[in-house]
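Throughout, read-outs are computed from the coordinates displayed, never taken from laboratory work. Computed from a predicted structure; not experimentally measured. Every residue, glycine among them, receives a Cβ derived from its backbone with ideal geometry; neighbour counts consider all protein chains shown.
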Amino acid sequence: MSDYSPVVREYMEAAIAEVKASGRWREVDMISMDILASSLEKWKKAEKDILEHGVCIGTHQNPSVSVASSSLRLAMGIMQDYGLTALSKKRLTKGEPVQEEDSPIEAFLKGDG
């Protein structure tokens with residue numbers, strides 16, 4: 001995880017700790033976590049590029065729009081699989097109450113990283 005930005009590393013540490021605490025962690029899950037980190041890193045970089053250059057460059061769509069969309073879609077799928085969103089956490093805990101604090105993804109999305 002050292003190849004990623006500090007905000008992605010911090011999120012991933014929290015996400016991995018949450019999955020481990022749930023008792024659902026297996027060592028092979030590290031591959032999925034690396035894909036999640038990579039997707040989040042690409043998404044953050046693409047979003048930064050979109051903010052700097054806009055959705056369109058001249059008369060063409062900024063390629064970062066497609067990168068941001070596909071990266072976020074992949075990341076959200078992995079997060080749902082691992083119960084890292086409020087709704088998927090509730091589903092994986094079979095309806096047990098979800099804590100009112102921010103999930104790791106909510107905290108990540110609120111960050112300025």
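Please report M76, M12, M30 as a ranked list, fewest other C-beta atoms within 10 angstrom at the top and most at the bottom.
Sorted ascending by nearby Cβ count, the order is M30, M76, M12.
I need T85, T59 ordered by Cβ neighbour count within 10 Å, fewest first.
Fewest-to-most Cβ neighbours within 10 Å comes out as T59, T85.
If you plug each phi of region 54-59 into the Karplus form 6.51 cos²θ - 1.76 cosθ + 1.60 with θ = phi - 60°, what whole-Hz ³J(HN,Hα) values come out, in order, with x for Gly and Pro?
Per residue, the Karplus-derived 3J(HN,Hα) values read x, 6, 10, 10, x, 9 Hz.
Any chance you could run the full-extension gain for T59 through A14? It's 0.36 nm times the residue separation minus the Cα-Cα distance, nm to one decimal.
Gain on stretching T59 to A14: 12.1 nm.
Taking the Cβ of L72 as the center, what net charge do the other residues with Cβ under 13 Å away carry, scoring Lys and Arg +1 and Asp and Glu -1?
Charge balance near L72 sits at +2.
In region 27-92, with Lys and Arg counted as +1 and Asp and Glu as -1 at Cβ, which of these residues, L87, V67, M33, has the Cα nearest the positive end of the dipole, that is, farthest along it?
Positive-most Cα among the choices belongs to L87.
Over region 27-92, what per residue volume does the convex hull of the Cα atoms give, in whole Å³?
Looking at region 27-92, the number lands at 76 Å³ per residue.
Please list the non-local residues whose amide H lies under 5 Å from the amide H of I57, H modeled 1.01 Å from N, same-chain partners needing a gap of 5 or more.
N62
Most exposed first by the Cβ proxy, i.e. fewest other Cβ within 10 Å, how do S71, S66, S2, S88 rank?
Placing the least packed residue first, the sequence is S2, S66, S88, S71.
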